[in-house]
Each structure stands twice: as structure tokens, then as C-alpha cells.
1. For residues in segment 25-39 being in a loop (DSSP other than H, G, I, E, B) and out of contact with any helix residue (DSSP H, G or I) (no Cβ under 6 Å at 6 or more places or on another chain), which is farthest from residue 11 (Cα to Cα)?
2. What tally of residues in segment 125-141 results from selecting those that are at pLDDT 95 or above and either assigned to a helix (DSSP H, G or I) or over 16 Å from residue 52 (Cβ atoms) (or both)?
3. Give 13, 49, 57 a once-over and let me know the one that is over 12 Å from residue 75 (Cβ atoms) and in contact (Cβ under 8 Å) with a residue 12 or more places away in the chain.
4. Give the residue that is surrounded by the most Cβ atoms within 10 Å (Cβ to Cβ), with candidates limited to residues of segment 116-142 that are closer than 16 Å to residue 42 by Cβ and touching a residue at least 60 places away in the same chain (Cβ under 8 Å).
5. Would you be able to tell me the number of residues in segment 83-102 that are free of Cβ contacts under 8 Å to residues at least 24 places away in the same chain and either surrounded by 14 or more Cβ atoms within 10 Å (Cβ to Cβ) or under 12 Å from residue 152 (Cβ atoms) (or both)?
6. In segment 57-90, which residues are more than 11 Å from the chain's Cα centre (by Cα) and modelled with pLDDT of 95 or more?
7. Could you list, in sequence order, all residues of segment 1-13 that are in a strand (DSSP E or B) and touching a helix residue (DSSP H, G or I) at 6+ places or on another chain (Cβ under 9 Å)?
8. Go through segment 42-57 and give me each residue that's surrounded by fewer than 18 Cβ atoms within 10 Å (Cβ to Cβ) and either over 28 Å from residue 117 (Cα atoms) or touching a helix residue (DSSP H, G or I) at 6+ places or on another chain (Cβ under 6 Å) (or both).
């Protein structure tokens, strides 16, 4: 009987406890162990970005991460972003900007973009393209994806309360 390790993870807000082989990839755990097939596996080498998910808020390549490395972590897959009936703000932006075509790479892009929006000011298209360079898309040509990021950035900036100092008179 192969050695197994017990892991506890919270995936899309749902707590899971499973025994897994130490060599099991996070992408396989999500897809085959939890039936969350929105995490796509394109290259299995961490090059394409299709398997990107959020682990404790950070974007990671699920095809390069072992499930045991995610023990006690919070994981968010595309299924945790929303669905056709109730899309997240980022998904709506992607739709409005036509940021997807076939959709295979979209879950990884959305995880990467959410992480980017939370970490960086994204001051220019060049900076956005640089940060997206680890996610590959064969269909779009990237401009609509960059437009979606710019729109999402601007919408977030408008939604954040403005901190104003009140002058004492």
C-alpha cells in the first residue's frame, strides 16, 4: 500500500480532508479528486498558465504544485469565481471586452489577473503584458485581455472609497 498523507484544504469556501499520495499534483487533486474540471491542464510544465489557481490569494501553477504543498490552504478555482448565472466582476469585464475565444486559457488568466490586481498598480499596458507573459492564449492576440485588465483596474479604482484627509480649521 503506497504511503499517503492526509491534507486539509478549503476549496472555493468548502472544507475538504483527503488522504493523497505525496506525488499527486494539485491540478490532479482538483480535477480528479474534487471534480473541479475548470482547472485546465495544457502543458504540464508550468509554461502555459492554463492550470493557474489562487492558493491563499497567490496565483500558482497547479501542474507544478503538489497537493500536499497546499495543506491547510485556501484554494480558489474558476468555479469559485462565479458561473454563467452569477459572474464575478472580473468575468463580466472579460465578457464585455471579448477577452476570451475558445475559453481554454481563461480560468488561468482570471486567476493570474485577480492576483495582479491585488498586488500591482498596473500603470501601463506594457506592465500588464509583462505580468501576463506566463499565460498563453492561442486565440485572442491578447489585446482584448489587456483591455479587460485595464477596465477591471479602473472599475476597482472607482469602487474603492477615496481616503481624504479633513483639514482642521
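The values are calculated or read from the model by the stated rules, or taken from the named source; none is laboratory data. These numbers were taken from a predicted model, which means no experiment stands behind them. Quick reminder, even Gly has a Cβ in these numbers, built from the backbone with ideal geometry, and neighbours come from all protein chains shown.
1. Step one: list which residues in segment 25-39 are in a loop (DSSP other than H, G, I, E, B), which gives 34-39.
Narrowing the set further to residues that are out of contact with any helix residue (DSSP H, G or I) (no Cβ under 6 Å at 6 or more places or on another chain) leaves 34-35.
Details: 34: 9, 35: 12 Å.
For segment 25-39, the residue satisfying everything is 35.
2. So the count comes out to 8.
3. Values: 13 fails: over 12 Å from residue 75 (Cβ atoms); 57 fails: over 12 Å from residue 75 (Cβ atoms).
That would be 49, the only listed residue that is over 12 Å from residue 75 (Cβ atoms) and in contact (Cβ under 8 Å) with a residue 12 or more places away in the chain.
4. 135
5. First, the residues of segment 83-102 that are free of Cβ contacts under 8 Å to residues at least 24 places away in the same chain: 83-88, 91-92, 95.
With the extra rule that they be either surrounded by 14 or more Cβ atoms within 10 Å (Cβ to Cβ) or under 12 Å from residue 152 (Cβ atoms) (or both), the set shrinks to 87-88, 91-92, 95.
Residues flagged as free of Cβ contacts under 8 Å to residues at least 24 places away in the same chain and either surrounded by 14 or more Cβ atoms within 10 Å (Cβ to Cβ) or under 12 Å from residue 152 (Cβ atoms) (or both) within segment 83-102 amount to 5.
6. 63, 64, 65, 66, 67, 68, 69, 70, 71, 72, 73, 74, listed by residue number.
7. Our first condition is that a residue be in a strand (DSSP E or B); within segment 1-13, this holds for 5-11.
Once the filter is applied, which keeps residues that are in a strand (DSSP E or B) and touching a helix residue (DSSP H, G or I) at 6+ places or on another chain (Cβ under 9 Å), segment 1-13 yields 5, 7, 9, 11.
8. The answer is none; no residue qualifies.
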